[in-house]
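Participant: My questions will all concern the structure given below.
The values are calculated or read from the model by the stated rules, or taken from the named source; none is laboratory data. Quick caveat: nothing in here was measured; it's all calculated off a predicted structure. With ideal geometry, Cβ positions are generated from the backbone for all residues, glycine too; neighbour counts draw on all protein chains shown. Heavy atoms of the whole protein, side chains included, go into the accessibility calculation; ligands, DNA and RNA do not. Shrake-Rupley method; radii C 1.70, N 1.55, O 1.52, S 1.80 Å.
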Amino acid sequence: MGIRKPAVSAQEARRLATGQSARSFQESMLASSNPRVAIAPIEPTSRQTGDRTVPSQALPARRTVLLANERHDEDPKVQVFLSAALPARGISATFDALSAESRPARALQLILRRALDDYELMLSNGSFAEIAQAYSVEEPLSIVATSRMMPRRLVDIALAHFDPLGFNSARAFGRKLASSALCIFFNNEKKVTHRQR
């Protein structure tokens with residue numbers, strides 16, 4: 001009995017082996033470099049091998065990968081850069097009290113965080129008002145800058161309100177958004193103080 005010639009040449013066998021190892025390397029890199037994946041098992045089926053059937057429990061489960069951005073139940077967030085001027089003395093009792101304990105810039109950042117929590121609720125239910133009247137600011141003008149992660153849907157609503165034609169810069173939009181939220185906060189604070197008297 002003679003030696004049979006292999007169906008695949010040595011070069012072809014090396015190329016196939018290299019292609020398979022490169023493919024499995026790419027698959028493992030993709031799986032490890034993308035932490036935002038959810039893996040859902042697919043029911044394995046039984047298969048025929050020769051004259052016997054291998055039960056489905058003995059087969060490795062095939063898996064499918066679902067990217068997180070394909071899930072529609074999450075509201076993606078974007079970073080918004082905000083800035084606002086320090087209010088003049090007497091505009092906000094809360095600001096005056098916090099400024100006595102810490103730096104005025106820090107006091108305004110704390111108030112802005114709470115003001116934007118309220119303003120996000122107003123954006124989500126459509127109860128936000130027209131751009132509120134500007135509050136009196138400290139002289140010389142002192143601007144406090146910060147940023148906030150906000151749901152994209154609410155940012156789009158605010159953009160449609162403050163910049164319907166799309167000409168403002170991100171900085172100008174952030175200034176309008178923060179100033180409006182602070183105006184509403186200061187006005188509500190005055191109403192509560194007035195009721196308590």
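Participant: How many of the residues in segment 116-144 are over 20 Å from the mean Cα position of the chain (by Cα) and aliphatic (A, V, I, L, M)?
Facilitator: Final tally of qualifying residues: 8.
Participant: Can you name every residue in segment 91-126 that is open to solvent by 60 Å² or more (accessible area, probe 1.4 Å), acidic (Asp, Glu) and within 19 Å of residue 191 (Cβ to Cβ)?
Facilitator: Result: 117, 118.
Participant: Need at least 3 residues that are without any contact (Cβ under 8 Å) to a residue 12 or more places away in the chain and closer than 29 Å to residue 76 by Cα per element, so show me which helices (runs of 4 or more DSSP H) inside segment 88-184 make the cut, counting only ones lying wholly within it.
Facilitator: 104-125
Participant: Out of curiosity, is residue 132 modelled with pLDDT of 95 or more, surrounded by 13 or more Cβ atoms within 10 Å (Cβ to Cβ) and in contact with a helix residue (DSSP H, G or I) (Cβ under 9 Å, 6 or more places away or on another chain)?
Facilitator: no
Participant: Now a separate question. Kindly indicate the residue of segment 146-167 that is farther than 15 Å from residue 181 by Cβ and more than 17 Å from the chain's Cα centre (by Cα) and also least open to solvent (accessible area, probe 1.4 Å) among those meeting that condition.
Facilitator: By that ranking, first place goes to 163.
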